[in-house]
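Working notes, structure below.
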Amino acid sequence: MAEFRLLRSPAPAPSRDDECLDAFQRELDYIYRSLRRLGTPASEVDDLAQEVFLALRHSWDQYDGSRPIRPYLFGIAFRISAANQRKRRREVAFAVIETDDRGPNPDEALQTKQARAHVLEALEHIPLKRRAVLVMHDLDDVPVREVAAALSIPVFTVYSRLRKARGELESALRRTRKDGGNA
Amino acid sequence: MIEELPPLSPQARALLDRERPIPSLPASIRSRALARAHAAAATGSAAIPVPPSRPVAASWIPWAAAAALVIAMGTAAAGIYHHRGSAARDTAPSLPPRPEVAPVAALAPALPGDDLVPPFESIAGEGPKRSRIAVPREELRLLKQARAAVARDDFGGALGPIAEHTRRFRDGRLVEEREALRVKALAGLGRGSEASRAATSFEARFPKSVLLPTVRRISSTAP
């Protein structure tokens with residue numbers, strides 16, 4: 001009897017859904033922040049994060065587990081943001097109340113939070129396609145080739161979008177600094 | 001040949017450096033997001049494909065062309081019908097009765113034991129703005145699934161079709177019913193604070209809804 005007690009059935013392999021949920025849980029902070037960087041209003045981030053999860057679950061078999069997951073997730077978040085932006089253009093916004101960190105809060109003493117709000121505000125001035133490239137490359141430090149793969153665009157397009165987006169970011173930051181100085 | 005990228009200014013780089021670290025989400029948002037993801041995974045049918053990244057103009061052209069075609073055909077058909085009708089009035093004392101369109105109720109019969117949502121025939125005939133045949137079948141199908149799940153107390157199972165309906169018909173014909181079902185499903189799952197939030201949002205959006213008293217009751221009795 002004793003030897004039978006030593007035998008254990010192997011632990012069941014995690015299911016596809018478990019793996020996907022696990023990845024979603026690990027990268028939840030990143031997904032939320034990426035959606036905000038892509039211009040999703042704070043009031044819609046919850047719903048879009050769920051859409052990212054559902055899309056991730058749908059395409060889980062296509063994800064190559066040997067590669068970093070963040071560029072893959074960013075690609076999904078970008079497409080969902082773009083679809084949402086198209087939808088929003090056709091709809092009248094319904095009672096959207098921003099409760100997030102748009103614009104420096106006079107009561108907020110933390111410099112970092114102000115800087116973050118400043119960057120988000122400046123990013124708003126860059127069209128989504130170029131903003132996605134800039135965020136991936138200059139904030140997430142994703143190499144150009146991976147940016148191209150994640151967004152399904154040629155490498156040259158990444159370079160040209162990045163060049164233009166950097167210029168737009170600089171002018172937006174200059175403008176917001178100037179507005180802040182005048183205020 | 002790869003073009004040279006302009007370097008970012010030190011000020012811009014410093015700001016990006018501040019934004020680079022990913023901040024942690026508050027525990028309440030994190031737990032809500034994970035609960036929703038688990039509920040969606042549990043229903044098993046809510047996975048959606050990644051939307052294609054296509055240009056906006058390209059998505060408008062076929063729809064605009066189709067709409068123009070439908071309008072042109074409708075105008076032509078109405079002209080023919082009017083012409084025939086006036087010819088018939090000259091020769092006959094009255095027109096034959098026009099065939100009735102299929103009522104929405106035929107597509108979505110009321111489910112037994114569901115006290116929250118009125119059957120679709122009453123919804124469809126409720127006001128002058130709602131056409132009896134304008135509710136897409138797919139929209140009805142999803143709401144039927146959600147209603148059926150709520151009726152058999154499978155509240156987790158109702159969230160899948162509700163989420164899919166939200167995604168596909170964000171401002172559809174049955175959005176009021178969907179949001180009422182959401183409150184009931186969340187309350188049934190014991191997610192009282194979420195149910196209460198959904199009820200508040202429902203009240204703000206549909207202040208004159210006939211479902212409002214029921215929604216309030218469910219939300220106030222939720223744990």
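Just so you know, all these numbers are worked out from the coordinates, no wet-lab data involved. In this text the structure is predicted, and so the values were computed from the model without any measurement. Because the Cβ atoms are built from the backbone with ideal geometry, glycine has one as well, and the counts that use them run over all protein chains shown.
One table, with the values for the structure above:
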read-out	value
Average beta-carbon neighbours from other chains, 10 Å sphere, peptide B:163-172	3
Centre separation in Å (Cα based) which lies between region A:117-183 and region A:42-85	19 Å
R0 of 51 Å, Cβ-Cβ distance A:Arg177-B:Arg137: FRET efficiency to nearest 0.05	0.40
Using θ = phi - 60° and Karplus 6.51 cos²θ - 1.76 cosθ + 1.60, couplings along region B:143-151 (whole Hz; Gly, Pro as x)	5, 4, 4, 5, 5, 4, 5, 5, 5
Approximate spin-label separation A:Arg88-A:Arg26, in nm, with each point projected 7 Å along Cα-to-Cβ	3.0 nm
Phi to ³J(HN,Hα) by Karplus 6.51 cos²θ - 1.76 cosθ + 1.60 over region A:35-49, Hz, x for Gly, Pro	5, 5, 5, 7, x, 6, x, 4, 5, 10, 5, 4, 5, 6, 5
Inter-label distance for B:Arg197 and A:Gln111, nm, one decimal - labels placed 7 Å from Cα along Cα-to-Cβ	3.4 nm
Of A:Lys87/B:Lys184; A:Lys129/B:Lys144; A:Lys129/B:Lys208, pairs whose Cα-Cα distance is over 30 Å	A:Lys129/B:Lys144; A:Lys129/B:Lys208
FRET efficiency estimate (nearest 0.05) - Cβ-Cβ, A:His58 to B:Phe206, R0 30 angstrom	0.40
Distance between modelled label sites at B:Ile29 and B:Ala148, nm, 7 Å Cα→Cβ extension	3.7 nm
Calculated from backbone phi, Karplus (6.51, -1.76, 1.60) coupling profile of region B:178-193 in Hz, x at Gly/Pro	4, 5, 5, 5, 4, 4, 5, 5, 5, 5, x, 7, x, 8, x, 5
